[in-house]
Amino acid sequence: MTINNPVIIPRAQHIITRTQISENALKVLNRLKEAGYASLLVGGCVRDLMLGREPKDFDVVTNARPEQIRKLFHNARIIGRRFRLVHVRFGWDIIEVATFRAIPRDITEEPPSTEEETEGEDVEDDSTTDAPDHNIFGSQEEDAVRRDFTVNALYYDIHDFSVIDYADGVPDLKAGILRVIGDPATRYREDPVRMLRAVRFAAKLGFNLEEKTAAPIRDLAPLLATVSPARMFEEVLKLFHGGYALETYELLRHYGLFQYLFPQTEKSLEHEEGGFPVTLVPRALANTDARVSADKPVTPAFLFAALLWEPVREQMGEHIARGMNGHDAMFRAAEHVLREQLRHVTIPKRFSVPMREIWSMQSRLERRAGQQAFRLLEIKRFRAAYDFLLLRAETGEAEQSLADWWTRFQSADENERRVMVAEFAAPGGGGKRRRRRRRSSPAQAPRHE
Ligand code: ATP
Ligand code: MG
């Protein structure tokens, strides 16, 4: 890989000011500088600041080695095994400090600082890990060209407040182009996750993939199968919880990547073009985006519930057609769809358990007689299940009147609620048909017609 002379953009010619940089990041940058080391911001934060956007977090790079970095801060610890980084902690805020990295020679997967890697123990002994570091650490130039996209390889130097561009990132930033550094196919083979990152940044920044960057993706998409499901989970959250889920989803499908994340969902999308499957997922993602932009919480349980609902619904229907009761059909379908999904993307139990609750509550929301509606309201997962019902009603898969009933029930006072339940149970109140069904099938068969 050839390394160009960097273009240096002096303070007067770019828009980044120190007031846009978090106080904690500035503390770290200045401490490193005062200790005589190189000290720069790099990656997404410089890119976002240059675009006039607020960065998600601030990543710092330096020529100081992890042990040297750690000694400068009382609140720092070394993390990671293969490539060690330093986390400097300020309460909840963590500033990640990395040493300039060399161009890797023999890697197949290069997670930058993922959970997997950061689970490493604290490295307390300074002397033992020095030798292999020589292959890993490099110059600032090398650090730049091993990064994924030109716009992600910009540096902001705290010594003179200049922006340093080794990879022609600034012209791409201005033109709205996402371009891989080096040969795209080679870089995707080194780390297939870069294909997902390409799509994520294109959606988030509203950029276009440069032609050569886009060209190999469709052919190399199957390489995603070689990425660990745990890393895929982290990536899925970044793809769909970053505020641009809908555009991201459309691009993932366009480039043939989605099927390697959610193969069962992809299949069901093919089955019923024009029916609910095509609309439930995009609607869920649009809702997620709206929540993110309104600073409301989002949960992976709901996201996965929506993404996998259609395969679950299909399988449940097949079980019921073969005579299984609704409860068992749901259990079996959920079990199977989840097991298949875990081969591609991990879903930690703390999310898959509530995901399955959201699913199984869908049929319970139909039964409202006696104390049932009151009891459902008390369940921890009620709100998520209700939101999911709204989504299904929007797509025409559940009855709007059922969703409306629950909307009214929640805002009603105690008396009104009793009246609603009584009306529901009364002949002609919508409860009769359901009641009869319930009696005839004590195993609480839900109807997901
Ligand atoms: P975000 O706004 O999502 O945080 P980001 O560009 O900061 O975007 P990170 O995942 O935080 O993305 O990574 C920080 C930087 O590390 C990137 O800008 C890029 O320079 C480099 N990087 C991250 N992942 C890779 C990768 N898989 N291959 C090469 N470089 C990477
Ligand atoms: Mg980042």
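Readers should treat all values here as calculations from the given coordinates under stated rules, not as data from a laboratory. Remember, predicted model here, so these are calculated numbers, not experimental data. Cβ sites come from the backbone with ideal geometry, for glycine too, and all protein chains shown count toward neighbours.
Quick notes on this structure:
- Rounded tilt (10° steps) of 245-254 against the dominant C-alpha axis of the chain: 80 degrees
- In the chain, the DSSP beta bridges split such that about 80 percent are antiparallel, to the nearest 5.
- The shape of the stretch 180-231 comes out oblate: with a ≥ b ≥ c from the C-alpha gyration tensor, a/c is at least 1.5 while a/b does not beat b/c.
- Cα-centred dipole magnitude for the stretch 300-425, charges only on beta-carbon of K, R (+1) and D, E (-1), debye, nearest 20: 540 debye
- Cα shape, the chain, gyration tensor, a/c 1.5 rule: prolate
- Net dipole in debye of the chain [+1 Lys, Arg Cβ; -1 Asp, Glu Cβ; about Cα centre; nearest 20]: 2280 debye
- Pairwise centroid distance, computed over Cα atoms, of the stretch 290-307 with the stretch 356-400, Å: 17 Å
- Helix 276-293 vs. the chain, principal-axis angle (Cα, 0 to 90°, nearest 10): 50 degrees
- Counting only Cβ charges, +1 for Lys and Arg and -1 for Asp and Glu, the dipole size of the stretch 155-261 around its Cα centre is about 400 debye.
- Residue among L205, F388, V337 farthest towards the positive dipole end of the chain, charges placed on Cβ: F388
- C-alpha long axis of helix 23-34 to longest principal axis of the chain, angle in °: 20 degrees
- Cα gyration tensor shape of the stretch 300-425, rounded if a/c is under 1.5, else prolate or oblate by comparing a/b with b/c: prolate
- Listed residues G176, A398, L224: farthest to the positive end of the dipole of the chain (Cβ charges): A398
- Considering only alpha-carbon pairs that sit under 8 angstrom and 6 or more positions apart, the relative contact order computed for the chain is 11 percent.
- Considering only G242, Q315, F58, and ranking their Cα positions along the charge dipole of the chain that arises from unit charges at the beta-carbon of Lys, Arg, Asp and Glu, the one farthest toward the positive end is Q315.
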